[in-house]
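A quick write-up on the structure given underneath.
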Amino acid sequence: MDNLLTLGGDDWQTEFDASLQQQAVDALENGQVIYFPKLCFELSDLERHLSAPRYVDPKRKNIHWDPIKNKLGGTLCSWEDRQYLEQLFKRYTSQTERLICHLLPSYEPHLTLGRTSLRPVEAKGRRSSAKKDDTRLHVDAFPATPMAKKRILRVFSNTNHEGQPRVWHIGEPFQQVAEQFFPKTRAPFLGSQFLLNTLNITKSPRSVYDHYMLQIHDKMKLNRQYQQTCEKMQVKFPPGSTWIVYTDAVSHAVLSGQHLMEQTFYLPFNKMQHIDLAPQSILQKLAKRELLL
Ligand SMILES: O=C(O)CCC(=O)C(=O)O
Ligand SMILES: [Fe+2]
């Protein structure tokens, strides 16, 4: 199966007919990336200026925005200039929300907003620890942010203005990833969920599902041989394009690219149309037990 479903649509108001909406849900839930080659997110000259790499806090790799708490982080911009960045983030959040609602109306009542990010730093050669290195293939799982029953659905837009594509690798389907890495994982020790939460290491209790997802994420990134030999496809997302993907199930890596916007949405996995394709369902089947209690 092709990894991409390419759709037309060159503005953020585009409406989609019912058969395209169905095709889009099927594609996403089956691990495809929905790709809009001409759906451009425009930045003004001032916004470009304020999102230059020199304004990114060197301790962070991205500038981020929490649309629920109205909170901006990761920038060294002056307090005065922050309002322009906030406007930029709000615009991206509302445009991506509209896109998702038009394309995936069955998700609309159940979606919640996650963070928004702006990524002005060149991804190639960016220094980070192996586990944080997104140039290695992985499925998304975050140590401090347990997902439990939620899926991670992300919208990305390449905002590079010098013609540079965002280059990704897309790896094998989640079923194959899980079959290889789940047997190498260990069960959590008794009381670890309680301990992590009490010590504020996690924002909410880490489910057993999250425990396994995190290990799969780490083991994928740390396995050099796997990174080199596994089946993958290179995709170049040009400037002015947008794509949507379930990053908790689609194995992905960013090889290069500078200037990107990203919006995260969460969907309870039982609101999917094909629940059996959720990583939660696939791991529970492999583990032969309930992982979400
Ligand atoms: O920055 C990118 O292009 C993708 C990085 C990544 O792995 C992610 O956002 O989940
Ligand atoms: Fe990722």
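The values are calculated or read from the model by the stated rules, or taken from the named source; none is laboratory data. Source: prediction; values computed, not measured. Neighbour counts run over all protein chains shown; Cβ positions are idealised from the backbone, glycine included. SASA here: full protein model, heavy atoms, side chains in, ligands and nucleic acids out. Shrake-Rupley method; radii C 1.70, N 1.55, O 1.52, S 1.80 Å.
Of the GluC sites (Glu not before Pro) found in the range 173-276, those in coil by DSSP whose Cβ has at most 10 other Cβ atoms within 10 Å are GLU231.
Here TRP168 sits with roughly 10 square angstrom of accessible surface, probe radius 1.4 Å. Here the simple spin-label model places points 7 Å from the Cα toward Cβ, and for THR229 and GLU108 these points are separated by 4.9 nm.
Across the cross-link table entries LYS132/LYS184; LYS232/LYS285; LYS61/LYS271; LYS150/LYS232, which are compared at the Cα atoms, the separations over 28 Å belong to LYS61/LYS271. Sequentially through the range 60-69, phi angles give Karplus couplings (6.51, -1.76, 1.60; θ = phi - 60°) of 10, 9, 9, 8, 10, 9, 9, x, 7, 8 Hz, Gly and Pro residues having no value and appearing as x. Remark: the range 44-53, residue by residue, has Karplus-estimated 3J(HN,Hα) of 6, 4, 5, 4, 4, 4, 6, 9, 5, x Hz, where x stands for each Gly or Pro and the curve is 6.51 cos²θ - 1.76 cosθ + 1.60 at θ = phi - 60°. Residues of the range 253-288 falling in the label zone of TYR84, defined by backbone nitrogen less than 19 Å from a point 7 Å along Cα to beta-carbon, are 259-261. Each of TYR84, TYR246 has its accessible area taken with a 1.4 Å probe; listed largest first, they run TYR84, TYR246.
Solvent exposure of the range 1-94, expressed per residue, is 55 Å² of accessible area, with all protein chains present and a 1.4 angstrom probe.
Within the chain, helices built from complete DSSP H runs that reach 15 Å or longer along their own axis (Cα positions) and carry a mean Kyte-Doolittle hydropathy of -1.0 or higher are 18-29, 208-222. Residue farthest toward the positive end of the dipole of the range 1-90, with Cβ of Lys/Arg at +1 and Asp/Glu at -1: which of LEU76, ALA27, HIS49? So the residue we want is LEU76.
Across the protein chains, with a 1.4 Å probe defining accessible surface, the residues ARG151, ARG98, ARG54 rank ARG54, ARG98, ARG151 from largest area downward. Per-atom-type breakdown for the chain gives carbon and sulfur 51% of the accessible area (1.4 Å probe, protein chains only). Pair-distance distribution P(r) for the chain, from all Cα-Cα distances in 5 Å bins starting at 0: 1, 5, 12, 16, 18, 18, 14, 9, 4, 1, 0 percent. Under a 5 Å amide H cut-off, with hydrogens placed 1.01 Å from N, THR135 pairs with VAL254 among residues at least 5 apart or on other chains.
Taking all protein chains together, SER192, SER106 sort by accessible area into SER106, SER192, largest first [probe 1.4 Å]. Amide H contacts under 5 Å for ASN160: GLY240, restricted to partners 5 or more places along the chain or on a different chain, H placed in the peptide plane at 1.01 Å from N.
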